Amino acid sequence: MRTTGAVDYLCYCMLILQFVHQPAAKQVLRYRLAEEGPADVRIGNVAADLGIVAGSGEVTFTLESGSDFLKIDNITGELTTNERRIDREKLQQCQMIFDENECFIDFEVSVIGPAQSWVDLFEGKVIILDINDNTPSFPSPVLTLSVEENRPIGTLYLLPTATDRDFGRNGIERYELIQDNGENSRRLGSSGGRDNGDSYSGKRRFDDGASRSSVFELQVADTTDGEKQPQLIIKGALDREQRDSYELTLRVRDGGDPPRSSQAILRVMITDVNDNSPRFEKSVYEADLPENSSPGAPILQLKAADADVGVNGQIEYVFGAATESVRRLLRLDESTGWLSVLHRIDREEVSQLRFTVMARDRGQPPKMDKATVVLNIKDENDNVPAIEIRKIGRIFLKDGVANVAEDVVVDTPIALVQVSDRDQGENGIVTCTVVGDVPFQLKPASEMEGEQNKKKYFLHTSAPLDYEATQEYNVVIVAVDSGSPSLASNNSLIVKVGDTNDNPPIFSQSVVEVSFPENNAPGERVTTVAAIDADSGKNAEIAYSLDSSVNGIFSIDADSGDIRVNTILDREQTERYEFKVIAKDKGMPILQGSATVVVLVADKNDNEPKFMQDVFTFYVKENLEPNSPVGMVTVIDADKGQNAEMSLFIEEEEDIFSIENDTGTIFSTLSFDREQKTTYTFRVKAVDGGDPPRSATATVSLFVMDENDNAPTVTFPINSSYTLLPPSSNIRTVVRTVIATDTDTGINADLNYSIIGGNPFKLFEIDGGSGVISLVGKLEQKHYGLHRLVVQVNDSGQPSQSTTTLVHVYVNETLSNSTVVEAQVAKSLSTSLNTNIAGDPNYDLGKQRLSIVIGVVSGIMTVILIILIVVMARYCRPKNKNGYEAGKKDHEDFFTPQQHDKSKKPKKDKKKQKSKQPLYSSIVTVEASKPNGQRYDGVNEKLSDSPGMGRYRSVNGGPGSPDLARHYKSSSPLPTVQLHPQSPTAGKKHQAVQDLPPANTFVGTGDNISLGSDHCSEYSSQTINKYNKQVRRHIENSDGTPPCMRGCGHKLLTRKEETHIPDVSTPPQRKPTKHGCCTPRFSTPATLGFMGASGLDG
């Protein structure tokens, strides 16, 4: 059973040791080694093969040559391969070996005795065995063959041969043909033997496994030169008109284990008939070619004949199986067959050229024949002898100089001299000698007779060496070959006799300190150091150097010891340098001593003061107190001492700023006003105390930051101006635009507009950002007349500044009497801003007069009836835990308001989507207190359902329903009184007003309760603000006091400034009842009226 490829490869890598014993004292070592092996493959043991006992270290082994591929253990003599891979096909000496001739690597081993008292040199050869490491290949991946149609069955066609760089059993073994039509084809193996005596065109042999098909068949013929020629046999009829081409696969396989193979496409083209092949005059052409033949020199002419005529008889010559070197060195004329030199051929590189030449005609398909050409390159004496001087043993040799100690013994080998000549025969026989009067001589390295053109010698000392007499020898070796004319060459070796060195250099001071000023010129000498050495000659010659810590700043003269500075020293960067000076002698081994050098750098005034910034920028607030710090500059000076003492100055024209010398703080002598000047720029100068002094300047930019110290200024409109607004104006009509400015900047100048007074009907709205006043409510008859809007302009500073301005709007169809309007505007300017001026104040006077008369009469009767009911209720009313709930209908409420007219619903605000309550939209009835003295829990507390109890009720009426009595039940036992919501409540003759404490005066708007009364007459004659916006307050009893006690000394209104208490002409007098509550007393007839309350949102 065949083993795997890996096992076979290891078997190939096994070494076969062959040792040939010689009767002489010296022996030739021969080993065998397979190529392509790994590193450290054992080849053999030189010590064992030479019969030398090794391992103690007294006898050592050195590989003098062959180290490109081999290595030897110096102690044991074990010879192994090194890391470089051995490829037999790439070895120069194996390039032109075409048969079983041995390919080998030469090596030399020197055996060195104790203390190099004796040295023996042995030669050896390592035979490189071929392995199957190359794959056979065809000259092209696609092979084209032209075959004539109608060729008889059995016609043979020569196929291109493959090449394999391996040889022997690893060479080409068989060819195989694979059909392209999918037929099952059998593969042809290589011939099992050779028919000696059969020529190329003679008898062919077929294997039993020859592949057959319906058209083609492959057979392989063994030629006389041992090659295998694949041939294609026609076995079927060819008709180009039926099929003009066939594509087959030709495979080649070598005989290695495992075998390697490759394949090519064989493209068979069917052409017309060409029935005669060219024939060479002879199958082998052989000639001798002198080396160095000039390009173009003819070598030989190959001739072939073709019995055909015309194109089929025209022959062209091409290279067949030829290596790259053949094609590079030779030229073949395609027409004449002359072979000539293309490039000069060196026999020392190529000793023989062997290749084939194909002769093919130009028929279709072409026919061909081949012949073998063998060119033997003849030697000429064109190489001078080469002398190579190498080290031997422990003697150090480099760059043609050998260092030999003066105490070596006589006849010590100090170098190995190899003399060789690349020529052959007499041209390569070389003689060698030492010329001149020197104490050295050559001795053969081996007593064996080796190759004539390669000899080795040891260069021995022939006399004692004396250092004091001669320190150096120039040994010249001359080699002459035996050619005609002879060529000679020489080489020299400098032998330096070494002195014994045992004294290191010594400095007189271990530490050298020197002061050196900064800002020096490069190259100045800093100091000089010196060391002495007790030795003599080279051992006493001292070379000075500095350690690497100087980084190139200092350098030293290696001979004199002068230390120089290479750069300009800057004390501000480095004040002190410390480094070592090393003194080395020139002996072997080198001895050295050292000393420390300290360089102290002295200061100079070479640095100007330096501000931390070229431009200092400070931001200060305006209105800063005079003599306050506004900024600080920082300045430094890299010098020290007096050179770093600085004085600061302000350079300006106005003498506004001063500077503190110690801290660099800048002070101002005035208070800044940004509106006057926003930026100050000046320069600060710093002067140091050096001689001469140095100075520097920096720019200071001071920016004054804005404070909100300016109120907005209204530029349009002026207070005395007015604008006409027709009543037919649509909502969102632009009425006026307020324009204001602010001399501050930024957020302090960001203005916001708002209406703070004079807009009780919410007819107007101002855009907070632009100041545009727009109409947002529908104008009615009562809105006719002058409207004074109080507009406040606020900035966004902290704290905010504001300005108030007046905007007069006259609502009317036309401006028929401007004098009257101007008089009203003039009166408006003298009227308090707390007084609302909006529309016609006399609009409802006519309607209110009748209501007042009826109200007076009804009020008297109602007061009497109410007093009786209240007195009875105090004693007869049971306790009721239910409180008043605004807007909720009681079961026995005889003041229940009627349903509102749906057509007269109040309008809704477009933004808030809720109805705005008109002026006097809520009517309130009054009761004194609970009869049992209990307090109400709040405004929303429910009262008793007893019909005898008074209660607060909120009656909402629209602006179109002045008759308030219609909101009550028609079955009410009390007479109704008509009271217009906008009728004057003070100053009129029959006005009936119940003077209640402010805490008992409510305005009913849902669940919200407002304090105060909103009554006014004409704004020009009344002191009570008709249009003043009232602040609604939600009143709760937090101290547990009954509600009626709020008028008996309990101060429940803590923010009096936010609550408007109406000014009545006749203040009521109150006296406590027996229940502790107050009942009002009136100086007017005891009538109960209804107070109009503002329905405006607080």
Whole-Å semi-axes of the stretch 465-610's equivalent ellipsoid, largest first, each the root of 5 times a Cα gyration tensor eigenvalue? 48, 21, 10
Where the centre of each part is set by its Cα atoms, how far does the stretch 398-458 sit from the stretch 291-344, in angstrom? 47 Å
From the cross-link list Lys391/Lys456; Lys235/Lys370; Lys398/Lys496, the entries with a Cα-Cα span beyond 18 Å are Lys235/Lys370
Carbon/sulfur accessible area of the stretch 398-528, % of total, 1.4 Å probe, equals 47 percent
I want to make sure I understand the PRE zone here: with the label point 7 angstrom from the Cα of Ile568 toward its beta carbon, which residues in the stretch 519-541 have backbone N atoms less than 11 Å away? 519-522
Surface/4 estimate of mean projected area, convex hull on alpha-carbon atoms of the stretch 248-385, nm²: 11.5 nm²
Cβ crowding within 10 Å averaged over residues, with 480-491, 810-821 ranked highest first: 480-491, 810-821
Whole-number D in µm²/s for the stretch 358-504 (Stokes-Einstein; Kirkwood sum over Cα pairs; 37 °C, 0.692 mPa s): 180 µm²/s
In whole Å, what are the extents of the stretch 468-554 along the principal axes defined by its C-alpha atoms, from largest to smallest? 77, 33, 19
What is the distance in Å between the Cα centroid of the stretch 778-828 and that of the stretch 56-87? 120 Å
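Which of Lys762/Lys827; Lys455/Lys538; Lys580/Lys610 have a Cα-Cα distance over 26 Å? Provide the component values of the computation, followed by the final result.
Numbers: Lys762/Lys827 23 Å; Lys455/Lys538 37 Å; Lys580/Lys610 36 Å.
Over 26 Å Cα-Cα: Lys455/Lys538; Lys580/Lys610.
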Given labels modelled 7 Å from the Cα in the Cβ direction, how far is it in nm from Val311 to Val374? 3.9 nm
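Where Lys and Arg each count +1 and Asp and Glu each count -1, what net charge lies around Gln642 among other residues with Cβ under 13 Å from its Cβ?
-3
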Jot down the per residue volume, in cubic angstrom and as a whole number, of the convex hull over the alpha-carbon atoms of the stretch 793-839. 100 Å³
Charge tally for neighbours of Ser277 with beta carbon under 11 Å away, counting Lys, Arg as +1 and Asp, Glu as -1, is -1
√(5λ) per eigenvalue of the Cα gyration tensor, the stretch 119-170, largest first, Å: 47, 12, 8
Formal net charge of residues neighbouring Leu332 (Cβ-Cβ distance under 14 Å; K, R +1; D, E -1): +3
Full-extension gain between Asn74 and Lys827, please, as 0.36 nm times their residue separation minus the C-alpha to C-alpha distance. 257.9 nm
Quick one: plug the Kirkwood hydrodynamic radius of the stretch 561-606 (C-alpha pairs) into Stokes-Einstein at 37 °C, 0.692 mPa s, and report D in µm²/s. 252 µm²/s
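Take the alpha carbon atoms of the stretch 635-778, find their radius of gyration, then divide it by 2.2 N^0.38 Å using N residues; give the quotient.
For the stretch 635-778, the normalised Cα radius of gyration is 1.96.
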Quick check for me: using +1 on Lys/Arg Cβ and -1 on Asp/Glu Cβ, what's the dipole size of the stretch 610-746 about its Cα centre, in debye to the nearest 20? 840 debye
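The values are calculated or read from the model by the stated rules, or taken from the named source; none is laboratory data. Everything quoted here is computed from the prediction, not taken from an experiment. Positions of Cβ are generated from backbone atoms using ideal geometry, with glycine treated the same way; all protein chains shown enter the neighbour counts. Keep in mind that these areas ignore ligands, DNA and RNA; they rest on the heavy atoms of the full protein, side chains included. Shrake-Rupley method; radii C 1.70, N 1.55, O 1.52, S 1.80 Å.
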